[in-house]
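Participant: For reference, the structure I am asking about is given below.
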Amino acid sequence: MKRSMLAGAVLLLVAPASAQEFRTAIDGTFAPHAMPSLSGGYEGFNIDLANELGKRLKHKITIDFTQYSGILPALQAGTYDFVIAPTTVTKERAENLLFTEGYLNTDFQFLIKKGAPKIDKLEDLKGKTISVNKGSAYDSWARELEPKIGWKVESYGTQTDAVQAVLVGRADANVAGNTVIAWAAKNNPQVELSYLYSTGLVWAMPLRKDSAELRKQLENAIECMKLDGTIAKLHEKWFGAKPAPGSAAVTVYPGYGVPGMPGYDPTEHTPACN
């Protein structure tokens with residue numbers, strides 16, 4: 001999909017006319033979290049998550065569909081109130097942004113062309129070209145390891161383009177979150193799953209540092225979705241499996257934010273669920 005089609009697309013979620021409006025963004029090619037629907041518009045795990053947030057917060061949520069690399073800078077510039085795009089919480093990011101608690105675990109997984117040599121460890125990729133979605137956590141992670149592993153990193157504007165690079169031979173492997181890679185392999189018989197790198201990291205919703213009250217609202221809604229099984233149902237719907245016990249999809253964490261990361265607020269609270 002061309003960038004011009006993505007950049008101008010918006011999805012308005014239904015809410016009372018008097019409700020406050022929040023604006024957010026996601027890469028509309030990041031299946032199965034957001035992708036074009038055959039019936040028009042967009043669908044995916046994070047689209048459903050945004051819809052549910054709108055209902056629980058009783059606010060209209062407008063979603064821009066654009067390349068991920070520009071989303072966090074736009075958040076900092078005040079264009080967005082929070083980010084619905086899957087965003088890995090790292091120490092560097094948490095020093096500059098506020099995050100809700102995690103709602104999904106994210107491990108890194110490699111995708112290779114069907115029949116290509118298996119990858120059993122990172123060192124197997126020495127001298128190879130790795131494709132990544134520009135601006136993502138996978139992009140920065142792969143570049144940090146470039147001198148150590150000896151691979152070459154190529155960044156692409158969308159995850160779809162990063163997968164296409166593997167298909168046409170411009171890259172030997174693509175690395176992204178395990179849910180995204182599993183979806184790509186499920187829907188394209190020309191590629192297959194390869195090495196899984198466990199990170200211990202989570203996806204959460206970023207906000208600006210001055211948005212502590214909005215973080216509390218979002219976190220309350222997320223915690224209620226965990227407690228009533230909504231996130232678990234979305235997990236099974238889009239990823240084809242129930243979330244593991246103790247994973248971020250079902251665990252309500254103490255305080256606000258991601259424990260152990262900058263910006264974490266340990267204030268005890270009980271979620272107020274309807």
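Computed from the coordinates by the stated procedures, all read-outs in this text should not be read as laboratory data. Because the structure is predicted, anything quoted here is derived from the model rather than measured. Methodologically, a virtual Cβ is constructed for each residue, glycine included, from the backbone with ideal geometry; neighbour enumeration extends over all protein chains shown.
Participant: Trypsin sites (Lys or Arg not before Pro), restricted to the range 96-153: which are DSSP loop and have at most 15 other Cβ atoms within 10 Å?
Facilitator: In loop regions of the range 96-153 (DSSP not H, G, I, E or B), the sparsely surrounded trypsin sites (Lys or Arg not before Pro) are LYS114, LYS118, LYS121, LYS126.
Participant: Next question. Over the C-alpha atoms of the range 106-200, what are the Rg and the largest Cα-to-Cα span, Dmax, in Å?
Facilitator: Final numbers for Rg and Dmax: 11.6, 33 Å.
Participant: Something else now. For PHE22, what residues show an amide H to amide H distance below 5 Å, using hydrogens built from the backbone and excluding near sequence neighbours?
Facilitator: When sequence neighbours closer than 5 places are left aside, the close amide H contacts are LYS60, ILE61, THR62.
Participant: So what is the calculated 222 nm ellipticity per residue for the chain, using -39500 (n - 2.57) for each DSSP H run with n of 4 or more, over all residues, to the nearest 500 deg cm²/dmol?
Facilitator: After summing the helix terms and dividing by residue count, I get -9000 deg cm²/dmol.
Participant: Report the label-to-label distance for LYS216 and LEU167 in nanometres (one decimal), using points 7 Å from each Cα along the Cα→Cβ vector.
Facilitator: 4.8 nm
Participant: Take THR79 and ASP107, extend 7 Å from each Cα along the Cα→Cβ direction, and tell me the distance between the two endpoints in nm.
Facilitator: 3.4 nm
Participant: Could you give the alpha-carbon Rg of the range 45-139 over 2.2 N^0.38 Å, rounded to two decimals?
Facilitator: 1.36
Participant: Can I ask one more? What whole-number distance in Å separates the alpha-carbon centres of the range 121-174 and the range 55-109?
Facilitator: Value for the Cα centre distance between the two parts: 23 Å.
Participant: Calculate the spin-label point distance for ASN51 paired with TYR197, positioning each point 7 Å from the Cα along the beta-carbon direction, and give it in nanometres.
Facilitator: The two pseudo-label positions are separated by 3.5 nm.
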